[in-house]
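The values are calculated or read from the model by the stated rules, or taken from the named source; none is laboratory data. The structure displayed is predicted, hence computed values, not measured ones. Ideal geometry is used to build each Cβ from the backbone, glycine not excepted, and the neighbour counts take in all protein chains shown.
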Amino acid sequence: MKIHFLLVVFLLIQSCATVPVTGRKQLDLVSSSEINTMSATQYQDVIRKGPLSTNVEQTNMIKRVGKRIQGAVEQYMASKGWSSQLAGFNWEFNLIQDDKTVNAWCMPGGKVAFYTAILPICKDENGIAVVMGHEVAHAIANHGRERMSQGLIQQFGMTALSAAMGQNPTATTQLLMQAIGAGSNIGMLKFSRQHESEADHIGLIFMAMAGYDPNLAPAFWKRMIDMNTGQKPPEFLSTHPSDETRIRDLESWMPEAMGYYRK
């Protein structure tokens, strides 16, 4: 038993990665190639079911902001010598016609989906950039991979990981969708609030580098807060930090973000 425990500890130590920007250590039991492949398949299923928005202006705005955030990410990663971490990214930005679901997400590999219900809260490109930067930050920080790794351990244990990935595709697919915030049980995996706060921090830098004023980010979150007064929060906010914590943290990171801001 002691040997088995030590082996598990050794494997966990060896299976650690570092989050860009924040430097936090995270669990990494699923390879980027595996999760990117799974994400691409699941993303195409979502897009196929859609329906995609037929509003050309709104769709183009999502794609335009997405491209600018993508450029900022690539610039940032290159400046740190981390461009190799973007291997396998095949960016896509789509707008799904759904006026009831206030949500947006980014799968590993740069697969982004916005729902039309979130656009009135975004109001303009800068608001979209707040959300886009935040969601893309999840992918760059490998939160989906980390949460999926945690879920695999919880469900299958260390000794069954390879078998779970290969022999139980339904369970692993469900874990993937939960891990990137597109499943029905969002927030069931551990540390999700920590991830949301981390995505706020990283996303603020990405939107600033993309030429969007980070000082306007708190205003977006205040609009989201006001919309949900006395109501159950939408999926987009289900696992996020408290309102006061989010605004305070954003303000504390603002000097750092402004150092990257270029109009």
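Select, from 109, 144, the only residue that is at positive phi and within 13 Å of the chain's Cα centre (by Cα).
Details: 144 fails: at positive phi.
None of the others qualify; the one that does is 109.
Kindly check whether there is at least one residue in the range 13-27 that is within 17 Å of the chain's Cα centre (by Cα), buried (at least 16 other Cβ atoms within 10 Å of the Cβ) and at pLDDT 85 or above.
For the range 13-27, residues within 17 Å of the chain's Cα centre (by Cα), buried (at least 16 other Cβ atoms within 10 Å of the Cβ) and at pLDDT 85 or above: absent.
May I ask you to say which residue of 66, 50 is surrounded by 11 or more Cβ atoms within 10 Å (Cβ to Cβ) and under 18 Å from residue 140 (Cβ atoms)?
Numbers: 50 fails: under 18 Å from residue 140 (Cβ atoms).
Result: 66 is the single residue among 66, 50 that is surrounded by 11 or more Cβ atoms within 10 Å (Cβ to Cβ) and under 18 Å from residue 140 (Cβ atoms).
Yes/no per residue for (1) more than 19 Å from the chain's Cα centre (by Cα); (2) farther than 27 Å from residue 261 by Cβ; (3) not aromatic (Phe, Trp, Tyr):
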| site | (1), (2), (3) |
| --- | --- |
| 41 | no, yes, yes |
| 49 | yes, yes, yes |
| 67 | no, no, yes |
| 89 | no, no, no |
| 92 | no, no, yes |
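From the list 188, 207, 177, 165, exactly one residue is of a type in the set (A, V, I, L, M), in contact with an Asp or Glu (Cβ under 9 Å, 6 or more places away or on another chain) and modelled with pLDDT under 55. Which is it?
Details: 188 fails: in contact with an Asp or Glu (Cβ under 9 Å, 6 or more places away or on another chain); 207 fails: modelled with pLDDT under 55; 177 fails: in contact with an Asp or Glu (Cβ under 9 Å, 6 or more places away or on another chain).
One residue alone meets the criteria, 165.
Go through the range 69-120 and give me each residue that's without any contact (Cβ under 8 Å) to a residue 60 or more places away in the chain and in a loop (DSSP other than H, G, I, E, B).
Selection gives 81, 87, 88, 89, 90, 91, 97, 98, 99, 100, 110.
Quick check: anything in the range 133-156 over 17 Å from residue 39 (Cβ atoms), of a type in the set (D, E, K, R) and modelled with pLDDT of 70 or more?
No; the residues of the range 133-156 include none that is over 17 Å from residue 39 (Cβ atoms), of a type in the set (D, E, K, R) and modelled with pLDDT of 70 or more.
Test of understanding: among 226, 200, 213, 249, which residue is over 16 Å from residue 137 (Cβ atoms), at pLDDT 85 or above and not hydrophobic (A, V, I, L, M, F, W, C)?
Working: 226 fails: at pLDDT 85 or above; 200 fails: over 16 Å from residue 137 (Cβ atoms); 249 fails: over 16 Å from residue 137 (Cβ atoms).
Matching residue, one of 226, 200, 213, 249: 213.
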